[in-house]
1. For every helix of n ≥ 4 consecutive DSSP H residues, a contribution of -39,500 (n - 2.57) applies; sum these over the chain, divide by its total residues, and give [θ] at 222 nm rounded to the nearest 500 deg cm²/dmol.
2. Mind checking the dipole of the range 130-199: about its Cα centre, +1 per Lys or Arg Cβ, -1 per Asp or Glu Cβ, Debye to the nearest 20?
3. Step through the residues of the range 34-45 one at a time and calculate ³J(HN,Hα) from phi using the Karplus curve (6.51 cos²θ - 1.76 cosθ + 1.60, θ = phi - 60°), rounding each to whole Hz and writing x for Gly and Pro.
4. What ranking of Tyr186, Tyr153, Tyr29 emerges when the number of other C-beta atoms within 10 Å of each C-beta is taken as an exposure proxy, fewest first?
5. Taking the alpha-carbon distance from Lys96 and a cut-off under 13 Å, which aspartates and glutamates remain once sequence neighbours fewer than 8 residues away in the same chain are dropped?
6. To the nearest 20 debye, what is the magnitude of the charge dipole of the chain about its Cα centre, counting +1 on the Cβ of each Lys and Arg and -1 on the Cβ of each Asp and Glu?
7. How far is the Cα center of the range 105-172 from the Cα center of the range 36-99, in Å?
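None of the figures in this text is laboratory data; all of them are computed from the coordinates on show. This structure is a prediction, so every number in the text was calculated from the model and none was measured. Here Cβ is always computed from backbone atoms with ideal geometry, including for glycine, and neighbour counts include all displayed protein chains.
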Amino acid sequence: MTIISKDINKAFGILTNDDVVAIPTETVYGLAGNIYSEKAIRKIFAVKKRPLFNPLIAHVASIKGAEALVADFPEKARRLAEAFWPGSLTLLLKKKTTVPDLITAGKDTVAIRIPNHPVTLELLEKLPFPLAAPSANPFGSISPTRATHVESYFKDSIAMVLEGGPCQNGIESTIIGFENNEPVIYRLGSIAMEEITAV
Ligand code: AMP
Ligand code: MG
């Protein structure tokens, strides 16, 4: 049985035990696991039937948490982070060697964001590791914006959905990377182009 529950400590226990939990964010529900747990990350890919060459976004609680994952934090990236985090902006930054290749699909960059949802922020602040969390849907199907959507997608293959109410945006995050320290937009999401260029 998949449990739908608001119990953050229960989610904490499952995640520190190398298993996965679906979590609410302001974009869509994500299927989350410890980025450093090979078992949890392999389960995310398996449950979603997501191909291993499709990298995952690391979710952190603070800019400090992001700094712990990256070899370099360019000034323009920092400005964007300060303007839009917590929020629907994902930054692609050069990764530290300690960030597992499994979540970056072997790339030398890691995708990072601070989600803007009080329940998941509280969970991330407690956890001693970041969470990899792609959308909590089978590969190719519509992203879930309610806990019950996740439950009906995955049935018994996940233990828990952390209840956080309906997602506000329902649209995936905007992804920005850097080439020669200049920002490049990889995916447009709910943040308006004008807002990004203004920063
Ligand atoms: P999502 O499907 O919302 O979890 O976002 C994951 C998407 O972020 C992937 O499908 C890629 O398009 C993108 N992504 C994540 N990490 C990287 C990376 N290191 N380099 C390029 N794109 C990435
Ligand atoms: Mg997705």
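1. Result for the chain, helices only: -8000 deg cm²/dmol.
2. I would put it at about 240 debye.
3. Result, ordered by residue: 4, 4, 8, 9, 4, 4, 5, 5, 4, 5, 4, 5 Hz.
4. So the ranking, lowest neighbour count to highest, is Tyr186, Tyr153, Tyr29.
5. Lys96 reaches Glu67, Asp72, Asp108.
6. My answer is approximately 420 debye.
7. Between the Cα centre of the range 105-172 and that of the range 36-99, the gap is 13 Å.
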